[in-house]
Amino acid sequence: MLGRLATIGARCPRVARIGNRTNNHLSSRQFARNLASVASIAVQTSSTPHGLDAKSPTRPRHVESAPSFHPTPRITVPALDSPLPKIIDGSLYVPTRSGWTKASGRWLRDICSSPQSRNQDTSQRQINVLKLGKNCDVAGVSQLGDSFQVTFADGHQSLYSMASLMDRSNPALKQKRAGVIPIITWKASIESQPPTVEYANMPSVSGMKELMTKLRTYGFTFIDNMPATPEASKQLLETIGPIRNTHYGGFYDFTSDLSSKDTAYTSESLEPHTDNTYFTEPAGLQALHMLSHTDGSGGESSLVDGIGAAEQLYEQDREAYRILSQTSVYAHASGNDGISIQPAFAFPTLSHDPELGHLIQVRWNNADRAGVVAEHDELDRWYDAAAKFDALLCDPKNAYWFQLKPGKMLIFDNWRVLHGRAAFTGKRRMCGAYINRDDYISKFRMSTLSEEEIRGSTVTG
Ligand SMILES: [Fe+2]
């Protein structure tokens, strides 16, 4: 919701470590090197295929393309000439960044999906390779079409598809895990055709897929032609995921009376912001449905694409982007009696996926900002960078303004899209809710991936 719901943070400890003040003096080049050092995998792109070295047919080319931070996801697909696992001298070998290596018996047993190893209903592991010891040693392997049958020292046999053995080094797996798809950044001109889905289609599988895909692509969508009631709003939101409870409650239905001691409950204007910056994990989705507006006018809403604005900053001033990505900032929620919430630790304004490098969360709330984790002599650099980002967020070219209406619910990604509001007169009744990001991404994956893709990006790797 508007300002009442103020701030949370992504759990990216490696990114957070990069963002601590000991690194604030780094040059861009040093920063890039540090990023490379924290990356646990190399990002493989179609332009840098993980192919065989011509001089040594059994040795894959060394790929050293560690991620660098950037605003938008770079979707990768496995290269057609990727080397495949193979049997050498009776053992199963898998390609790595630095050459071929014998597949770990414990890893193979660990990802075994047979009924003896996995509960077939919950996909939970029901063996412990840490206790199986030498029983996990590979005693034999044979190729059966596109699969390998592995026999372990204790006689257990497992079948592995080529794909499941390749997943571990495949960035596409990580993208499926995290629900990463190509995104479309936007500006005020999205006014001409904002992403919208019909309420009547929502009960269907295809309707939910459309909703989830538009949310992941644009960061927001409207649900049109729905009943202007809290009951219908709550019911629809619960089909996405459980409604999140906070110190403001769960599903809300309120009028502008400041009952929750937050500016969102007033009739004042609100600058573009994300909610929950004061939580360790801010809500993933937020829904707003205006049920009525009587005896007054105004109150137009605004949305700004945080990734789009970050993309502009990245192009205009790479150093400012770096500062906002490295400098952690605290936030607080203190307005309610008995409440003083702060995140477990400070998060940077721009948080990136530590493996894939793209921006996954924007945390921005001027009203709720607390301490900036920087030395006195670094503060003005942070304020300068923040001012540039603020200018982009408030640039009329970037802000999409519209009027909420009864029967048209807005749902947006609180990790990506900032929301704001103009002042209004009269009485407005609003309802809405938060949904956790993990529940949102779970619904996205379940709505858009095949069973095989879900299984492949859950258990293996
Ligand atoms: Fe808000």
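What about D384, is it more than 14 Å from D305 (Cβ to Cβ), at pLDDT 95 or above and within 16 Å of the ligand (Cβ to nearest atom)?
Working: more than 14 Å from D305 (Cβ to Cβ): yes; at pLDDT 95 or above: yes; within 16 Å of the ligand (Cβ to nearest atom): no.
Answer is no for this residue.
A count restricted to region 153-188 and to residues that are of a type in the set (G, A, S), over 25 Å from the mean Cα position of the chain (by Cα) and in a helix (DSSP H, G or I) stands at 0.
Out of region 265-279, which residues are outside any loop (DSSP other than H, G, I, E, B) and either of a type in the set (A, V, I, L, M) or over 14 Å from S302 (Cβ atoms) (or both)?
Applying the first criterion (outside any loop (DSSP other than H, G, I, E, B)) to region 265-279 yields 265, 270-273, 276.
Y265, L270, N276, listed by residue number.
For region 285-302, residues that are away from the ligand (no atom under 14 Å from the Cβ) and assigned to a loop (DSSP other than H, G, I, E, B) total 4. Of the residues making up region 253-266, at least one is in contact (Cβ under 8 Å) with a residue 40 or more places away in the chain, more than 15 Å from the ligand (Cβ to nearest atom), in the same structural domain as V362 (by TED's automatic domain parsing) and over 18 Å from the mean Cα position of the chain (by Cα).
Under 23 Å from R216 (Cβ atoms), in contact with a helix residue (DSSP H, G or I) (Cβ under 6 Å, 6 or more places away or on another chain) and either touching a residue at least 40 places away in the same chain (Cβ under 8 Å) or away from the ligand (no atom under 16 Å from the Cβ) (or both): which single residue out of T349, T274 fits that description?
T349
Can you find even one residue in region 171-193 that is within 16 Å of the ligand (Cβ to nearest atom) and among the basic types (K, R)? So far as region 171-193 goes, no, none of its residues is within 16 Å of the ligand (Cβ to nearest atom) and among the basic types (K, R).
The strands (runs of 3 or more DSSP E) found entirely in region 379-461 that carry 3 or more residues being surrounded by fewer than 20 Cβ atoms within 10 Å (Cβ to Cβ) are 399-402. Flag: P282 matches the condition of being within 16 Å of the ligand (Cβ to nearest atom), part of a loop (DSSP other than H, G, I, E, B) and buried (at least 23 other Cβ atoms within 10 Å of the Cβ).
Across region 349-364, which residue is surrounded by the most Cβ atoms within 10 Å (Cβ to Cβ) among those that are touching a Leu at 6+ places or on another chain (Cβ under 9 Å) and not in a strand (DSSP E or B)? Across region 349-364, the extreme among qualifying residues is R363. Taking S328 as the residue in question, decide whether it is within 16 Å of the ligand (Cβ to nearest atom) and at pLDDT 95 or above. Criteria not met by S328. Checking each residue in region 266-287 for being closer than 23 Å to R428 by Cα and charged (D, E, K, R) picks out E268, E271, D275.
Could you list all residues from region 80-98 that are over 17 Å from F148 (Cα atoms) and either hydrophobic (A, V, I, L, M, F, W, C) or more than 32 Å from the chain's Cα centre (by Cα) (or both)?
Applying the first criterion (over 17 Å from F148 (Cα atoms)) to region 80-98 yields 80-82, 96-98.
L80, the sole residue that qualifies.
The values are calculated or read from the model by the stated rules, or taken from the named source; none is laboratory data. Given the structure is predicted, the values throughout are model-derived calculations rather than measurements. Positions of Cβ are generated from backbone atoms using ideal geometry, with glycine treated the same way; all protein chains shown enter the neighbour counts.
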